[in-house]
1. Name the residue that is nearest to Arg215 (Cα to Cα), counting only residues in the stretch 1-57 that are hydroxyl-bearing (Ser, Thr, Tyr) and assigned to a loop (DSSP other than H, G, I, E, B).
2. Let me spell it out: the conditions are (1) in contact with a Pro (Cβ under 6 Å, 6 or more places away or on another chain); (2) closer than 23 Å to Asp53 by Cα; (3) in contact (Cβ under 8 Å) with a residue 60 or more places away in the chain, and Leu146 meets all of them except one. Which number is the exception?
3. Quick one: Leu255 ticks every box in (1) open to solvent by 50 Å² or more (accessible area, probe 1.4 Å); (2) at pLDDT 95 or above; (3) among the hydrophobic types (A, V, I, L, M, F, W, C); (4) farther than 23 Å from Pro37 by Cβ except a single one, so which number is it?
4. Taking Gly235 and the conditions (1) under 30 Å from Leu22 (Cα atoms); (2) over 18 Å from the mean Cα position of the chain (by Cα); (3) open to solvent by 70 Å² or more (accessible area, probe 1.4 Å), which numbered condition does it fall short on, given that it satisfies the others?
5. Somewhere in the stretch 178-191, is a residue open to solvent by 30 Å² or more (accessible area, probe 1.4 Å), at negative phi, in contact with a Lys or Arg (Cβ under 8 Å, 6 or more places away or on another chain) and not in a helix (DSSP H, G or I)?
6. Yes or no: the stretch 217-238 includes at least one residue that is farther than 24 Å from Arg33 by Cβ, touching a strand residue (DSSP E or B) at 6+ places or on another chain (Cβ under 7 Å) and of a type in the set (A, V, I, L, M).
7. Go through (1) in contact (Cβ under 8 Å) with a residue 12 or more places away in the chain; (2) open to solvent by less than 40 Å² (accessible area, probe 1.4 Å) and name the single condition Ala264 misses.
8. Report, by residue number, each residue of the stretch 238-252 that is among the acidic types (Asp, Glu) and either open to solvent by 30 Å² or more (accessible area, probe 1.4 Å) or farther than 20 Å from Trp210 by Cα (or both).
Amino acid sequence: MSDTRLTLPQWDALAELADDALPLLPTALLIARDEYPHLDPGRYDRLLQAHADHLRVEVEAIAEWPLKVAAINHHLFNELGYSGNHDAYYDPRNSYLNEVVTRRLGNPISLALVQMDVCRRLGLPLEGISFPDHFLVRLPVEEGVLVMDPFNGGRPLGVDELRERARNNLGGETPDDQVLAQILDPAPARAILMRMLRNLYGVYAEREEWDRAARSADRILKLAPEQSEALRDRGLAYLRLDHLAGARADLSLYLRREPDAADAAQVRERLIDTGAGRPQLH
């Protein structure tokens, strides 16, 4: 029987919601329902609730937050077997929460979402970090924040390792304390969901599954209509699908918004490919 406690939002309502009002788990399942239209959200709500209920007595008996989250991580990653899909990192199922909960395999951001959701049900304010490499999570502690890697069993990360990971994505420059602190700021729900969708866009574009790539970019625009990059990506996917009217509309609007973008010349050429002629920019 479906659990009516979990109601999925409507795509057209999401752009108007403030970040703190955007429901993370239901919207992640809404993303999955695009690919799995018969998905029962209550089933996955119940499974995640069962994870939390199994831990509740143990976690409530522990006083310190870091030890609480260590117990949660042990159950999720050691006992239940959630793990990063190192062998098939770009399998799109790694981004769909229903598949992640069923298969107990995922990518960094989907595993973080499971970890965050179970912690939330147990009263722990675990937050996501949109780190430039793999998505991470953080827990406020007395000394600052405890940063963990859900893709690798929830392993805690020290400052030196965080600096090294960040350096690899900052042109070889090692971040100072201020820059690292900014990188470790908590990610709002909208940013998390958009990163999930960008991952899906990248996977589907690489596979040349342009209908799914277009859908992923479209869903980013449902969350944040001002995202010019997603507008461009949807237009390019439409072009691959021979949806020329949609491609012209998206690429023309992208160039009006971003006339000085680094890829503006290439996008203009692609727009000409739609038969639109050289666009008049204002």
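The values are calculated or read from the model by the stated rules, or taken from the named source; none is laboratory data. Quick caveat, the model's predicted, so the values are computed rather than measured. Because the Cβ atoms are built from the backbone with ideal geometry, glycine has one as well, and the counts that use them run over all protein chains shown. Quick note on the areas: whole protein, heavy atoms, side chains included, nothing else; ligands and nucleic acids left out. Shrake-Rupley method; radii C 1.70, N 1.55, O 1.52, S 1.80 Å.
1. Among those that are hydroxyl-bearing (Ser, Thr, Tyr) and assigned to a loop (DSSP other than H, G, I, E, B), it is Tyr36.
2. Only one criterion in (1) in contact with a Pro (Cβ under 6 Å, 6 or more places away or on another chain); (2) closer than 23 Å to Asp53 by Cα; (3) in contact (Cβ under 8 Å) with a residue 60 or more places away in the chain is unmet by Leu146, namely (2).
3. (1)
4. (3)
5. For the stretch 178-191, residues open to solvent by 30 Å² or more (accessible area, probe 1.4 Å), at negative phi, in contact with a Lys or Arg (Cβ under 8 Å, 6 or more places away or on another chain) and not in a helix (DSSP H, G or I): present.
6. No, that holds for no residue.
7. (1)
8. Answer for the stretch 238-252, where residues must be among the acidic types (Asp, Glu) and either open to solvent by 30 Å² or more (accessible area, probe 1.4 Å) or farther than 20 Å from Trp210 by Cα (or both): just Asp242.
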